[in-house]
Amino acid sequence: MSHPSTRADVARYSPLYFLTALGAGGLTVSFFMWLLFWTPHPGRPVPVFEDLLKAFSSGGPMMKMMIGLAWAGIAFFALTMVRYLIWNGRLLAAWSQTEQGAALRAGNNETQLLAAPLAAAMAINVGFIVGLVFVPGLWSIVEYLFPVAMIAFMLVGYWALALMGEFWGRIFIAGGFDCAKNNSFAQMLPAFAIAMVGVGLAAPAAMSQTAWIAGLSYVLSSFFIVSAIALAMIKLVLGIRALMENGANPESAPTFWIVVPILTVLGIAFMRQDHGLHAHFGGHTDKAANFSFLTTLLALQLATLLFGWVVLRRTRYFARFVFGAECSPGSYALVCPGVALSVMLHFFINKGLVAVGLIAKFGAAYWALSAIPVLLQLATILLVFRLNAQHFSGKPTPQASVPAE
């Protein structure tokens with residue numbers, strides 16, 4: 001992969017390029033799913049370095065290969081995420097002082113700035129994963145790290161809410177929101193950012209052994225989870241209203257799949273909260289309820305994918321913006337649904353089908369079904385490489401435009 005700075009500069013920059021870092025972070029998480037569900041980690045909700053080292057040393061060739069590939073995937077995409085975060089941060093600071101930056105902050109597209117805290121929240125999640133799988137002895141001090149992580153997520157949450165406050169304050173006081181150009185689901189990006197903060201804040205509820213940490217995690221995460229749901233529902237209705245009147249904006253077509261990652265993030269957040277309630281506060285959700293919950297979320301995701309595919313196909317999005325000559329930073333929004341569906345399928349198989357006894361863990365049916373999220377993960381990786389070559393190869397291609405909202 002060539003370095004992004006060979007193509008992009010301040011004049012052609014868009015805040016949506018933070019989705020490059022978000023996608024890399026999501027692929028890091030997708031490799032962690034292998035370790036979470038395919039390696040033993042007795043006494044812990046997640047595998048740590050010692051568990052993986054033991055499994056690698058005592059396991060057969062397939063176990064060694066799986067852990068080795070997961071380690072390599074996590075390391076590669078975590079480093080890629082950091083590179084893109086640094087690159088985006090440097091260009092965003094300069095771009096904000098330009099006329100393009102001022103124009104974006106005066107229109108519908110101001111919500112694209114939420115891509116930055118969205119990527120930052122993902123980076124904290126990825127940092128925790130990297131620590132778990134590569135740092136010996138981390139679990140022995142994890143109770144001290146949970147409050148630090150919650151503070152970090154709260155700071156990112158404040159950043160996201162401040163950006164939203166600027167947008168809503170301007171719209172509610174001065175007006176000027178162009179409903180005709182809201183003919184996509186691009187305005188749901190803030191809900192995605194808030195949900196990502198919520199799922200990060202919910203992690204201590206699932207993993208901490210300290211009641212007050214788990215309780216605080218539950219309360220803080222609930223604010224962001226509920227806010228994300230409310231915001232997503234409002235923006236969904238407004239987007240469909242504009243769509244039915246004005247038709248879809250072809251360049252923003254990938255946003256029709258944004259519901260998929262939002263549902264995955266919220267689903268994981270609710271499962272983390274539920275585990276905290278069970279471990280510390282006497283709450284009990286049975287396996288059948290979890291199966292039903294995951295099945296509902298997966299059904300909603302599949303319905304969303306079918307709905308979005310109609311728009312993507314009719315606008316010839318892949319032919320134009322992925323495999324064609326046209327170039328749009330919004331194309332990176334296609335990475336999120338692939339990662340999110342892969343992760344959701346892992347949870348559905350392991351916490352749903354296996355948990356209720358429909359299939360046996362590590363049986364033939366289990367591996368046949370598990371091949372689906374792995375193949376989807378591979379397809380998403382190939383998509384990332386394709387987009388990187390298109391946007392950052394240094395070849396003369398059309399100016400990257402900014403999707404309208």
Completion exercise
Placing each pseudo-label 7 Å from Cα in the direction of the beta carbon, Arg386 and Lys361 end up separated by a distance in nanometres of 3.7
Fill in the blank from the handout: hull vol. (C-alpha, convex hull) per residue for the chain, Å³ -> 139
Completion exercise
Under a Gaussian network model of the chain whose springs join Cα atoms within less than 10 Å, the largest fluctuation of Asp51, Asp274, Asp286 belongs to Asp286
Practice task
Find which of Thr295, Ser217, Gly324 sits farthest along the positive direction of the dipole of the chain, computed with +1 on the beta-carbon of Lys and Arg, -1 on that of Asp and Glu, about the Cα centre.
Solution key: Gly324
Exercise for the section: Report the one residue of Ile194, Leu161, Asn109 whose Cα lies farthest in the direction of the positive end of the charge dipole of the stretch 4-391 (charges on C-beta: Lys and Arg +1, Asp and Glu -1; origin at the Cα centre). Expected result: Asn109
Handout entry: the stretch 291-322 versus the stretch 166-181: alpha-carbon centroid distance in Å
Key = 29
Handout entry: Cα-projected label distance for Val135 with Ile240, points at 7 Å along beta-carbon direction, nm
Key = 4.4
Exercise for the section: Compute the distance in nm between two label points, each set 7 Å from the Cα along the Cα-to-Cβ direction, one at Ile171 and one at Lys287. Expected result: 4.5
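By Kyte-Doolittle mean hydropathy of at least 0.0 and Cα axial length of at least 30 Å, which whole DSSP H helices of the chain are selected?
Working: long enough: 18-38 (31 Å, 1.65); 61-95 (50 Å, 1.11); 142-174 (47 Å, 1.47); 211-246 (51 Å, 1.57); 259-281 (31 Å, 0.87); 287-314 (41 Å, 1.08); 364-392 (41 Å, 1.27).
Those that clear 30 Å and a mean of 0.0 are 18-38, 61-95, 142-174, 211-246, 259-281, 287-314, 364-392.
Among the chymotrypsin sites (Phe, Trp or Tyr not before Pro) within the stretch 128-181, which fall in a DSSP loop and have no more than 10 other Cβ atoms within 10 Å of their own Cβ?
Values: sites: Phe128, Phe134, Trp139, Tyr144, Phe153, Tyr158, Trp159, Phe167, Trp168, Phe172, Phe177; in loops: Phe177.
Loop-located and lightly packed - none at all.
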Fill in the blank from the handout: Those chymotrypsin sites (Phe, Trp or Tyr not before Pro) from the stretch 275-372 that are DSSP loop and have at most 15 other Cβ neighbours within 10 Å turn out to be Phe323, Phe362
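With a Förster radius of 30 Å, plug the Cβ-Cβ distance of Phe323 and Val374 into 1/(1 + (r/R0)^6) and report the FRET value to the nearest 0.05.
Values: r = 23 Å, r/R0 = 0.78.
After rounding, the FRET efficiency stands at 0.80.
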Practice task
Figure the gain on full extension for Ser96 and Met63 (residue separation times 0.36 nm, minus the Cα-Cα span) and round it to one decimal in nm.
Solution key: 7.1 nm
Handout entry: Charge dipole (debye, nearest 20) of the stretch 4-391; +1 at Cβ of Lys and Arg, -1 at Cβ of Asp and Glu
Key = 580
Practice task
Could you tell me what fraction of 2.2 N^0.38 Å the Cα radius of gyration of the stretch 57-127 comes to, as a two-decimal ratio?
Solution key: 1.68
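The numbers here are math on the coordinates, done by the rules we state, and not lab data. Keep in mind that this is a model prediction, so the values were computed, not measured. Methodologically, a virtual Cβ is constructed for each residue, glycine included, from the backbone with ideal geometry; neighbour enumeration extends over all protein chains shown.
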